[in-house]
1. Every residue in region 140-153 that is surrounded by fewer than 20 Cβ atoms within 10 Å (Cβ to Cβ) and either more than 14 Å from residue 123 (Cα to Cα) or under 14 Å from the mean Cα position of the chain (by Cα) (or both), please.
2. One residue is enough: does region 125-139 have a residue meeting the conditions touching a residue at least 40 places away in the same chain (Cβ under 8 Å), in contact with a helix residue (DSSP H, G or I) (Cβ under 9 Å, 6 or more places away or on another chain), crowded, with 17+ Cβ neighbours inside 10 Å and in a strand (DSSP E or B)?
3. Give the number of residues within region 58-111 that are in a helix (DSSP H, G or I) and at positive phi.
4. State all residues of region 1-43 that are in contact with a strand residue (DSSP E or B) (Cβ under 8 Å, 6 or more places away or on another chain), modelled with pLDDT of 95 or more and farther than 20 Å from residue 118 by Cβ; if no residue qualifies, say none.
5. If we scan region 50-71, do we find a residue that is under 23 Å from residue 154 (Cα atoms), surrounded by fewer than 23 Cβ atoms within 10 Å (Cβ to Cβ) and out of contact with any strand residue (DSSP E or B) (no Cβ under 8 Å at 6 or more places or on another chain)?
6. Of the residues 96, 87, 75, which single one is within 13 Å of the chain's Cα centre (by Cα), surrounded by fewer than 24 Cβ atoms within 10 Å (Cβ to Cβ) and in contact (Cβ under 8 Å) with a residue 24 or more places away in the chain?
7. So, in region 140-166, exactly how many residues are in contact (Cβ under 8 Å) with a residue 60 or more places away in the chain and in contact with a strand residue (DSSP E or B) (Cβ under 8 Å, 6 or more places away or on another chain)?
């Protein structure tokens, strides 16, 4: 076995082990019986109330404020400022997280897991959340491959309940 094959095998095993923990003890979405394509709490608030624009404009997540809020794709988004709200309203698809704020790696694995707003990455101008740092580490090992799989999987699972997939 050559060294490249060994490294590929080791990476695959590491990915399998890292994602197995997410699969065996899933962090279900906030509302496990919801068929919504956006991960919200029971009040319909997306991203745990964090400001989607802050990731892009400030380089970090900021808690939103209910007085700066709007609805997009059936979910309520909150923002830290009127400027962020205005930016979101102008181009909501540019700021809303991929896969409705569900864990990007979870979607690649045909799951709807809660996206943690503190575990994030912007890839090609799109915000993605992961369920935890361990899963994010596994996801980052092959972002293009994992995104391709998630993009292929998403249409089939986006309207299913998280509990039916997990």
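The values are calculated or read from the model by the stated rules, or taken from the named source; none is laboratory data. Model, not experiment: these values are computed from the prediction. Neighbour counts are summed over all protein chains in view; Cβ atoms, including those assigned to glycine, are modelled from backbone coordinates with ideal geometry.
1. 140, 143, 149, 151, 152, 153
2. Yes, there is a match, as at least one residue in region 125-139 is touching a residue at least 40 places away in the same chain (Cβ under 8 Å), in contact with a helix residue (DSSP H, G or I) (Cβ under 9 Å, 6 or more places away or on another chain), crowded, with 17+ Cβ neighbours inside 10 Å and in a strand (DSSP E or B).
3. Within region 58-111, residues that are in a helix (DSSP H, G or I) and at positive phi number 3.
4. 36, the sole residue that qualifies.
5. Within region 50-71 (the criterion being under 23 Å from residue 154 (Cα atoms), surrounded by fewer than 23 Cβ atoms within 10 Å (Cβ to Cβ) and out of contact with any strand residue (DSSP E or B) (no Cβ under 8 Å at 6 or more places or on another chain)), the answer is no, since none of the residues qualifies.
6. Every option except 96 fails the conditions.
7. 3
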